[in-house]
Amino acid sequence: PLLRGSLRVDPVNLLITLARLGLDRSRGVVVFCPGAEYGPAKRWPSRNFAELARHFTALGRSVWLLGSNKERELGDDIVQIARGAAVNLCGRTDLASAVDLMSMAELVISNDSGLMHVAAALDRPLVALYGSSSPEHTPPMSEHAIIVRREDLPCSPCYRRECPLGHFRCLNELSVDQVLREIAAIEHA
């Protein structure tokens, strides 16, 4: 058995961060964590995050992208593909501020990454996307997490940073519709 973590939010830091970044908190917030330090074999495609951003923006929600400075370009790419339907906060916060901002999320969609575990520790509704890794080894420790992955591929999990076969099927074949079905299950639970 694994112990579940928990994090506390600093309400003063949250207000300062919201003001510093000029974030709109009047609408529901969906947080995307599109990066994964381990490598591309753990990152769902930017085009899919962008499509989800457009979906949530059309529903009147704000979409915030969180990640490190190394993921800033990835965030910029998603914002461009999404035609501005998301706010790229990658590299614009420290970890404490990212935790505080994530606490406001009605929903978090994340690759298997450190921020996925932050969302789980904050007990936010979470859709965790797995590619080359396995939830058997690095699960989100939360009752409010749903894992989305291709379980029918003989090459997955491979635990590699890059797809050794060059196709990234484990992530490329996770459709936006499949993720939206899982989101509907969370939101109607």
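Summary table
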quantity	calculated
Rounded to the nearest 20 debye, dipole of the chain from Cβ charges on Lys, Arg, Asp, Glu	280
With every protein chain in place, the chain: carbon and sulfur % of accessible area (1.4 Å)	52
Prolate/oblate/rounded call for the stretch 25-107, Cα gyration tensor, a/c under 1.5 rounded	oblate
Per-pair calculated FRET efficiency, R0 = 25 Å: Thr138 and Asn13 via Cβ, rounded to 0.05	0.35
Förster radius 30 Å - calculated FRET efficiency between Asp177 and Arg20 (Cβ-Cβ, nearest 0.05)	0.25
Simple spin-label estimate for Lys70 and Ser6 in nanometres, 7 Å along Cα-Cβ	3.1
Solvent-accessible area per residue for the stretch 73-189 (1.4 angstrom probe, square angstrom)	47
Trypsin sites (Lys or Arg not before Pro) restricted to DSSP loop in the stretch 44-105 with at most 13 other C-beta within 10 Å	Arg83
Theoretical ellipticity at 222 nm over the chain - DSSP helices of four or more residues, -39500 (n - 2.57) apiece, nearest 500	-10000 deg cm²/dmol
Contact order relative to length of the chain, as percent, for alpha carbon pairs under 8 angstrom and 6 or more apart	24
Semi-axis lengths, Å, the stretch 90-141, gyration tensor of Cα atoms, sqrt of 5 times eigenvalues	19, 12, 9
Highest-MSF residue in the chain out of His144, His167, His55 [GNM, Cα springs under 10 Å]	His167
Karplus 3J(HN,Hα) series, Hz, for the stretch 86-97 with 6.51 cos²θ - 1.76 cosθ + 1.60 (x for Gly, Pro)	9, 10, 7, 9, 4, x, 9, 9, 8, 4, 4, 5
Among Ile16, Ala184, Met102 the positive-end extreme of the charge dipole of the chain (Cβ point charges)	Ile16
Full-extension gain in nm, Ala58 to Leu153, via 0.36 nm per residue minus C-alpha separation	30.8 nm
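The values are calculated or read from the model by the stated rules, or taken from the named source; none is laboratory data. None of these values were measured; they are calculated from a predicted model. Note that each Cβ is placed from the backbone with ideal geometry, even for glycine, and that neighbours are counted across all protein chains shown. All accessible areas refer to the heavy atoms of the entire protein, side chains included, with ligands and DNA or RNA removed. Shrake-Rupley method; radii C 1.70, N 1.55, O 1.52, S 1.80 Å.
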